[in-house]
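Shown next, in structure tokens, is the structure this report addresses.
The values are calculated or read from the model by the stated rules, or taken from the named source; none is laboratory data. None of these values were measured; they are calculated from a predicted model. Cβ sites come from the backbone with ideal geometry, for glycine too, and all protein chains shown count toward neighbours. Areas reflect the complete protein model, heavy atoms only, side chains present, ligands, DNA and RNA absent. Shrake-Rupley method; radii C 1.70, N 1.55, O 1.52, S 1.80 Å.
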Amino acid sequence: MKQINKVLVANRGEIALRIMRSLKEMGIKTVAIFSEADRKAPFVRYADEAVLIGQPPSNQSYLLGDKIISICKELNVDAIHPGYGFLSENASFVEKVDESGIIFIGPSPKSIELMGDKLTAKQTVKAYDIPMVPGTDEEITDIEEAKKIANEIGFPILIKASAGGGGKGMRIVENPEEFEDQMKRAVSEAISSFGNGAVFIEKYVGSPKHIEIQILADTHGNTVHLFDRECSIQRRHQKVIEEAPSAFVTDEVRAKMGEAACDVARSCNYYGAGTVEFLMDEHQNFYFLEMNTRLQVEHPVTEMITGLDLVKEQVKIARGEELSFKQEDLSINGHAIEARVYAEDPKNNFLPDIGKLSTYKIPRGQGIRVDDGLEEGMEIPIYYDPMIAKLVAYGKDRSEAIIRLTQAIDEYEITGVKTTMDFCKYAINHPSFVDASFDTHFVKHHFADPSILDQYNDNEELIAALIATKLIGKKAPSTLKIQETNSKNNWKTNRIK
Ligand code: MV4
């Protein structure tokens, strides 16, 4: 067993604070690093020790791996928790941490490397017979050969950059005629964007859902899954709403996906917390997309349905402990939904709306969790992701979670910046969310005209009544008549019988 008495959290904001809270519960001392822009942030005050690491830009602060390691040596730190983003999936940083004799609370550099590139990830998992979208798992070097394969799998196809991610480096090709030109553009774009021109092709899955499986693996060969999360409501590949479990996936398919995810972890000798992402089509066929070798933003929804603290599990694994539970000990209890509170304007294509939080009061109530890193009166720094908080609602079932999240959004008081709250409330009450038929095109299909948020607000009490009748089976108010279909946004409302 390894001793971990002091941990440096190499991150900022809500996740730094969240990690420190769990470390404190374990009796572990905490060290914060902060940039000049975060000097007054709550996570800095919460830590036992805090070190100014540099100027606000990430590459002058939170990405300074060597400086972080030297601070660890100076302060006699035993381990580093990277959170998500920044250096959390930087294999060369992890190697330097290991070489310094400091524990990295996360997977091995080798696992990070194998899963960090889409082609090596596909080649690594291939041996485990993991379902993958029809396509290639080698770099395309011969365009004619690639065109032949594309014709075999059938258009439309996607050309993907192996070093791409988060939707970057993907091109749709509708027919054979445009294949050659698109292939050339894809390679040059991959070289300029990622410094790596390797591309491959896949059949395009038209209306996919994004379903991901949380896994935990220790250093003794034990790997379990903590069920699924659905993260299909995204805008520009940024998740906005996440829930656990998915309301679409059947128990039988969930078990199969869980086993597949554990095999993906085994294929790269994974240890730590990780997430395996899948695409799912309307027939519940699922296809391996990629593996994220870090704790994810949306991990709280999994914590709420399993009762586990994933940060504590990460620390125990890093200390060399065996998992204290087997797969059969784990079960889904209730339902959790997370709304990401971004300082962005949904009516202006979700562009950041940075400013000062002149009012900031968080909601309370049964099953409500708010992971945030700011306080009233604080400026939202322009240098980082504009996420203010994660608002999570837990219920005994999905209906209760939707209603609790809706009410919590109503009670959240934020002024001084525009936020995504109204969009989240609209989304979780949209019929296609309620009946779980939504997919990754939700914003394109149901939020084409952001002015729906104005009308939606006018109908607030009526929508609440609709939810009440549809979701918890109460007798509808006989006089309830809701505005006819809003054709542009397919916001269907009907007379309740
Ligand atoms: C796909 C796909 C359809 N077919 N691959 C987007 C980000 C990257 N992780 C992979 N992505 C996709 N890959 C095939 N063969 C559709 C997407 C996709 C998507 C996937 C998950 C969540 C949101 C998405 C939004 C747009 C496109």
The stretch 12-98: strands (runs of 3 or more DSSP E) wholly inside it with 1 or more residues that are touching a residue at least 24 places away in the same chain (Cβ under 8 Å) and open to solvent by 10 Å² or more (accessible area, probe 1.4 Å) are 29-35, 49-54
For Thr275, state whether it is touching a Pro at 6+ places or on another chain (Cβ under 8 Å), open to solvent by less than 10 Å² (accessible area, probe 1.4 Å) and within 16 Å of the ligand (Cβ to nearest atom).
-> no
Strands (runs of 3 or more DSSP E) contained in the stretch 303-393 and holding at least 3 residues farther than 18 Å from Gly416 by Cβ and either hydroxyl-bearing (Ser, Thr, Tyr) or open to solvent by 10 Å² or more (accessible area, probe 1.4 Å) (or both) | 368-372
Consider Thr124 carefully, then state whether it is touching a Cys at 6+ places or on another chain (Cβ under 7 Å) and within 13 Å of Met291 (Cα to Cα).
-> yes
Flag if Ile130 is touching a residue at least 12 places away in the same chain (Cβ under 8 Å), more than 16 Å from the ligand (Cβ to nearest atom) and in contact with a strand residue (DSSP E or B) (Cβ under 6 Å, 6 or more places away or on another chain) = no
Within the stretch 434-446, the residues that are more than 14 Å from the ligand (Cβ to nearest atom) and either within 23 Å of Asn348 (Cβ to Cβ) or outside the structural domain of Ala244 (by TED's automatic domain parsing) (or both) are His446
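Yes or no, residue by residue, for (1) assigned by TED's automatic domain parsing to the domain that holds Gln296; (2) at pLDDT 95 or above; (3) farther than 22 Å from Asp371 by Cβ; (4) within 24 Å of the chain's Cα centre (by Cα):
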| position | (1), (2), (3), (4) |
| --- | --- |
| Ile15 | no, yes, no, yes |
| Met20 | no, yes, no, yes |
| Glu25 | no, yes, no, no |
| Ala47 | no, yes, no, no |
| Gly54 | no, yes, yes, no |
| Pro57 | no, yes, yes, yes |
| Asp66 | no, yes, yes, no |
Within the stretch 395-452, which residues are surrounded by fewer than 18 Cβ atoms within 10 Å (Cβ to Cβ), farther than 23 Å from His210 by Cα and of a type outside the set (S, T, N, Q)?
-> Lys396, Asp410, Glu411, Glu413, Asp449
Among residues of the stretch 191-213 being among the aliphatic types (A, V, I, L, M) and within 25 Å of Glu144 (Cα to Cα), the residue farthest from the ligand (Cβ to nearest atom) is Ile191
Filter result for Ile172 (near the ligand (Cβ under 10 Å from one of its atoms), touching a strand residue (DSSP E or B) at 6+ places or on another chain (Cβ under 9 Å) and among the hydrophobic types (A, V, I, L, M, F, W, C)) | yes
Residue in the stretch 395-418 that is under 18 Å from Gln238 (Cα atoms) and modelled with pLDDT of 95 or more present | yes
Could you figure out which of (1) modelled with pLDDT of 95 or more; (2) within 16 Å of the ligand (Cβ to nearest atom); (3) within 25 Å of the chain's Cα centre (by Cα) isn't true of Asn222?
-> (2)
Out of (1) more than 21 Å from Gly195 (Cβ to Cβ); (2) touching a residue at least 60 places away in the same chain (Cβ under 8 Å), the one Lys118 does not meet is (1)
Considering residues that are within 13 Å of Val199 (Cα to Cα) and either within 16 Å of the ligand (Cβ to nearest atom) or among the aromatic types (Phe, Trp, Tyr) (or both), the number found within the stretch 139-156 is 2
Subset of the stretch 238-259 [in contact (Cβ under 8 Å) with a residue 60 or more places away in the chain, open to solvent by less than 10 Å² (accessible area, probe 1.4 Å) and of a type in the set (A, V, I, L, M)] = Val240, Ile241, Ala244
Could you say whether any residue in the stretch 137-145 is in contact with a helix residue (DSSP H, G or I) (Cβ under 7 Å, 6 or more places away or on another chain), outside the structural domain of Asn285 (by TED's automatic domain parsing), without any contact (Cβ under 8 Å) to a residue 40 or more places away in the chain and more than 23 Å from Ala265 (Cα to Cα)?
-> no
